[in-house]
2 protein chains.
Amino acid sequence: MGYHKAMVTDERRTKIERVVAGRLKGLACVCENFEKPHNAAAILRTCEALGILNVYIIEEDVPFEPTKGVTQGAEKWLLLHRFRRAERAIAALKDAGYAIYAAVPGEGSLSLEELPVDRPLALVFGAEATGISEKLLSACQGTFRIPMWGFSQSLNVSVAAAIALYTCARARRARLGRAGDLEPGELAQLRARYLELSLPPSQRPR
Amino acid sequence: MGYHKAMVTDERRTKIERVVAGRLKGLACVCENFEKPHNAAAILRTCEALGILNVYIIEEDVPFEPTKGVTQGAEKWLLLHRFRRAERAIAALKDAGYAIYAAVPGEGSLSLEELPVDRPLALVFGAEATGISEKLLSACQGTFRIPMWGFSQSLNVSVAAAIALYTCARARRARLGRAGDLEPGELAQLRARYLELSLPPSQRPR
């Protein structure tokens, strides 16, 4: 800690403290086969800004390749879990205790506001054109929709993800009565990680 | 009416009825000097899907040129009010009775959830790089921010607009106790417009 203290400004340390305290592990984002680099980048930036910590990426059909400039470095502050096979991602999500809900427009889905935020929740967003794979859908506890009022019955995937994650993050924070949900040990680990990442690459411990 | 009845299917008429009943005139979106066609397109698609009816566009420095494919035809179902000068847009918004609030990140702004949705509200979104003009800012009742929890202190403008419009539309509908807020005369007018737009161009009255 003394090592880091010397090289990270007080202002930066205050910032890190605030971010760590606001991180939610109990709301995860799952991206399956995103086709457009722009959407992949936008969703990472949104997750980081909203305090989502864990992003699960399934690249079974399409590699996840966020446009570099658009993420504004958000990927650095997230825990990205990448999987070539949906089965592995599902197993990891279940191991971590998440209830999995997939974004699927239409009357058969729960409304966004009905999602259970009192326990760990993972929201799945699928390919822009083809949607979420059958394999992944069948592993979900349910599906959810964003209420739609127009002739258009869908939103851009990065817009849909932003609305859903914002709404659920807000509901979860209200439920918790605090900004974040990490345990003391996890807070310490994430704080150390962010301190290290705040050093210039040449000064990071090897 | 008999004229339209003959050429618009019952299914389409039911759809039109549902959309018209869910339109909100009491929540408007204002876009100033949008630089990226992709963002311009995304915001129109979002407005249409969420039931926002009026979009005010200020093109004082930059023309508003939404990417065609990305809007998915949303512009057809919106009332777009375009202005070359911010002053004219401000006058039109005030004439229509809107309280104007600008999206400005930072602690000096109201939190999104504090915005007044019990009266007509216009939300302003500005240029991606330079933000909202001083001229427009000085005409606003106030500014609002989306609560941020990350190292990143801003969102993509189309993402920010989606979160803000979704949240305010939902709050306004809850407050109203119904989906839309048009008066009977306005409903009839919009219904007629949508019926006409549902005809093939060759069959529309001249």
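A few comments on the model shown:
- Residue within segment A:128-139 that is open to solvent by 20 Å² or more (accessible area, probe 1.4 Å), among the small types (Gly, Ala, Ser) and touching a helix residue (DSSP H, G or I) at 6+ places or on another chain (Cβ under 9 Å) present: yes
- Residue in segment A:170-178 that is open to solvent by less than 60 Å² (accessible area, probe 1.4 Å), within 13 Å of another protein chain (Cβ to nearest Cβ) and either closer than 30 Å to B:LEU53 by Cα or over 21 Å from the mean Cα position of the chain (by Cα) (or both) present: yes
- When segment B:141-151 is filtered for residues that are buried (at least 20 other Cβ atoms within 10 Å of the Cβ) and either more than 7 Å from every other protein chain (Cβ to nearest Cβ) or part of a strand (DSSP E or B) (or both), the ones remaining, listed by number, are B:PHE144, B:ARG145, B:ILE146.
Residues are listed down the side, and each one gets a yes or a no for (1) closer than 27 Å to B:ALA41 by Cβ; (2) touching a helix residue (DSSP H, G or I) at 6+ places or on another chain (Cβ under 6 Å):
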{"position": "A:ALA160", "(1), (2)": "yes, no"}
{"position": "A:ILE163", "(1), (2)": "yes, yes"}
{"position": "A:ALA169", "(1), (2)": "yes, yes"}
{"position": "A:ARG173", "(1), (2)": "no, no"}
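- Hits in segment A:157-201 - residues which are small (Gly, Ala, Ser), more than 21 Å from A:TYR56 (Cβ to Cβ) and in a helix (DSSP H, G or I): A:ALA174, A:GLY185, A:ALA188, A:ALA192
- In segment A:63-101, the residue that is least open to solvent (accessible area, probe 1.4 Å) out of those that are in contact (Cβ under 8 Å) with a residue 60 or more places away in the chain and more than 25 Å from A:GLY142 (Cβ to Cβ) is A:TRP77.
- All positions within segment B:41-57 that are crowded, with 23+ Cβ neighbours inside 10 Å, over 21 Å from A:ARG145 (Cα atoms) and not hydroxyl-bearing (Ser, Thr, Tyr): B:ALA41, B:LEU53, B:ASN54
- Meets criteria (at pLDDT 95 or above, within 16 Å of the chain's Cα centre (by Cα), under 22 Å from B:THR167 (Cα atoms) and surrounded by fewer than 16 Cβ atoms within 10 Å (Cβ to Cβ)) for B:LEU110: no
- Lone unmet requirement of (1) modelled with pLDDT of 95 or more; (2) under 14 Å from the mean Cα position of the chain (by Cα); (3) β-branched (Val, Ile, Thr) for A:THR71: (1)
- Reported count of residues in segment A:179-200, each being of a type in the set (S, T, N, Q) and open to solvent by 40 Å² or more (accessible area, probe 1.4 Å), is 1.
- Odd one out for B:SER154, checked against (1) among the hydroxyl-bearing types (Ser, Thr, Tyr); (2) assigned to a loop (DSSP other than H, G, I, E, B); (3) more than 9 Å from chain A (Cβ to nearest Cβ): (3)
- Single residue of segment B:5-34 satisfying the filter (touching a residue at least 40 places away in the same chain (Cβ under 8 Å) and among the basic types (Lys, Arg)) that is surrounded by the most Cβ atoms within 10 Å (Cβ to Cβ): B:ARG23
The values are calculated or read from the model by the stated rules, or taken from the named source; none is laboratory data. Predicted model only: the values in this text are computed from it and were never measured. In this analysis, Cβ positions are derived from the backbone assuming ideal geometry, glycine residues included, and neighbour counts consider all displayed protein chains. Protein only, heavy atoms only, side chains kept; ligands, DNA and RNA dropped before computing areas. Shrake-Rupley method; radii C 1.70, N 1.55, O 1.52, S 1.80 Å.
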